[in-house]
Every structure is written in structure tokens, then in C-alpha cells.
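Visitor: Next up is a structure, given as C-alpha cells.
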Amino acid sequence: MKRTLDTAELVSAGLIPRDRADALHQVASRWAVALTPGVAARIDAADPRDPLARQFLPHEDESLVGPDELEDPIGDLAFRAVRGIVHRYPDRVLLTPTSVCAVYCRFCFRRERVGPSGESLSPAELERALDYVAGDGRIWEVILSGGDPLVLSPRRLGAIVRRLGEIPHVQVIRVHTRVPAVDPERVTPALVAALDSAKAVWLALHVNHVRELDGAAREAIARIARAGIPMLAQTVLLAGVNDDPTALEELFRALVSLRVKPYYLHHLDLAPGTARFRTSIAAGQALVRGLRGRVSGLCQPTYVLDIPGGAGKVPIGPSYLGEAGADGVRALCDWQGKPHAYSERPLESDPERDGT
């Protein structure tokens, strides 16, 4: 079975109008385009607001690159230790063994480097990357990303997990993937077994809309959960996809019911050609505030922004805490927007008790 559909096949399938094909071929010549047949089958071509079409089908507006948009928006290259290793924080590294994905998101922050012709590691380069991890005792966690590490064969993935598991100071292996949602047939017993390790293995699932979680995706996620692998979810806030409270509530409730903890809600990175997906930070904060009290704390991710240039992620969610007054009393706002007072006034000393 063919695993992905390219631009010409999307035209033939009626998902891209023929009168737009030439313009979209130009977009595809710069940024990779591919959908799995399963995702393509879920797209409603008659719905101009279909959240899957918006995420995965190329659009002419991708050619509009703003002055603040960057080819390397989060500064991966500035922190490249060796090829395939990004070492931004002291205790963790990113390991990117492949540049290939099952699908290519139209808002990807690594869109300049992912794709079939991207920066996948040769066996020698992978060995140097693993040697780097083994040689730095500060590294406590290794994050497998890419590309998508779950497009690797179980044999290749298992070899990486085993090698990382043999490094004494590596205690956590985190795998970032879209595969369970967009190509669930890949999540075979052999692939799940490849993730087995004496070390703690966590899987971080990228999913942005509840429509991505069809029956096959839910079964793939359940297969991972039954293997005892804890799961997190990362979601990107996307205009026209999930920038309303109902869409986020439905997604986060569905994830928690599948034993997947919403972890990060990402403010969109400044990747080239992605302006049509960008919301304001104020709009994102309002959405996050709207979820507080509306859904369980299990359903609450941290709203974060990756500072351009490589300074790292910072939480940018709304604050419920006001400044303390001269009397030591702070103003607090509850989830319904009602104000409350909270005292931090110190106890006055008792001269007799203190013996002064």
C-alpha cells in the first residue's frame, strides 16, 4: 500500500482544484508535501474550513514570507553540537535521526529541513551523534525528533533505543511523533516493542484537532498505552483549526480519555510562509483562560512560546495574580473572572513572646 500522496495525486483525488495546481506545485518545490491515504480520506473537500485540509494541503499563501519569519525560527542550528544533535539545555538533547515525516504540516517550524531530501543521518553520522550523548554526563534526557522517528523501521528504531538505554547517565528517552494519529497502521506490535527499554520512555504525540483521532488512531494510541508507555500531547495553536474554546476542549478531553496528557500548547513559531495560521498571544491567552474551570486540570496544557533565535521555551499563559499592595494583600482572579483578596501580610511580632 502506498504510504503517502504527493501534490499531483492530491489533484487527481479532487482534494486540490486543477486550476490551482501550478501555483501549488511551486509551493511544493520549496516545502515537502505528503499526506497518508488515511488522512486524505478524512478530508472533506467540500468544506472550506476543514481542519485537516488546512493543516496538510498546500496553499498559495505559503509563498508570502513575512519580514519577521525565519528559516530556523527556534535556533536549532545555533545549538547543533554535531550533525543530528541539538544541545540547547544542559541536561537534555534533541536527536534527529531522520528528516522524513508521514505527513508534512504546512506550519512546520523545521519546514526548510524536513522532507525526503532533508537531513537524515547516515549510519556514521548517527554513530557520532550517539557517541556525543555517551560522552556528556550531563545529558539526562534524549528527545527523538526529526522528521518523525516512528517512520523508521522497528529494527532501526529499536537499535537507537537500545543504544541510548546502554548509556548510564541517560535516564529518559522521549519520542516526538505524529504517526499514531496520521499513519496508525505503522503502530504495529513490532514498532511498540522497539520502544521497550529499562529506561523511562515517553511518547509525545503531536495532534491539533479532534478530527485527527479517528478509530484507527485511537486504537494505535491504545496499543501504545497498553504497552505501559506514558504519553503526552503537544498541540500548536492554529488560526482556522483550533483557535476556539470548543475545539480545544474537545481535543483535550479526547486525549485525556485516551490516557494522553496535554503537555504544551505552542504559540506558532515564525517559520516562513505560515502567517495564515498565526494568532496573537492575547488571543491565545484568552483561549487558555477560557479553559480554566471549564475542563479538568488534566486537560490543561502549558501555553508556551519558543523564543526566536534559540533562547528556549517560556510559558506565556494568562496570570491570575495581581501585584501585592503596600498592606501585603494581593488581588486574585478566579476562573470565572471574579476578583478575590489574598493576604501575604507577615505576623506582627509579640515582644513578650519574643523576649524583647
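Visitor: As a check on your grasp of the helix formula, calculate [θ] at 222 nm for the chain: sum -39500 (n - 2.57) over DSSP H runs of n ≥ 4, divide by the residue count, round to the nearest 500.
Guide: -8000 deg cm²/dmol
Visitor: In addition: Counting other Cβ atoms within 10 Å, keep those with at most 16, restrict to DSSP loop, and tell me which trypsin sites (Lys or Arg not before Pro) in region 84-148 are left.
Guide: Hits after loop and neighbour filter: 138.
Visitor: If eta is 0.692 mPa s and T is 37 °C, what Stokes-Einstein diffusion coefficient results for region 200-356, Kirkwood Rh from Cα pairs, in µm²/s?
Guide: After rounding, the answer is 180 µm²/s.
Visitor: Another question about this same structure. Residue-wise, which Karplus ³J(HN,Hα) couplings in Hz belong to region 268-284, taking 6.51 cos²θ - 1.76 cosθ + 1.60, θ = phi - 60°, and x for glycine or proline?
Guide: Once θ is set to phi - 60°, the couplings for region 268-284 become 4, 6, 8, 6, x, x, 10, 4, 5, 9, 8, 9, 7, 4, 4, 5, x Hz.
Visitor: Oh, and also: Throw me the Rg/Rh for region 185-257, computed over C-alpha atoms with Kirkwood Rh, two decimals.
Guide: 1.02
Visitor: Report the charge-dipole magnitude of region 1-156 in Debye, nearest 20, computed about the Cα centre from +1 at each Lys and Arg Cβ and -1 at each Asp and Glu Cβ.
Guide: So the dipole magnitude of region 1-156 works out to roughly 480 debye.
Visitor: What is the antiparallel percent of DSSP beta bridges lying wholly in the chain, to the nearest 5?
Guide: Antiparallel: roughly 40 percent of the beta bridges in the chain.
Visitor: Per residue, how big is the convex hull around the C-alpha atoms of the chain? Give it to me in cubic angstrom, could you?
Guide: 187
Rule-based calculations on the coordinates, nothing more; no lab input. Computed from a predicted model, the values in this text were never measured in an experiment. All Cβ positions, even for glycine, are placed from backbone atoms using ideal geometry, and neighbour counts span all protein chains on display.
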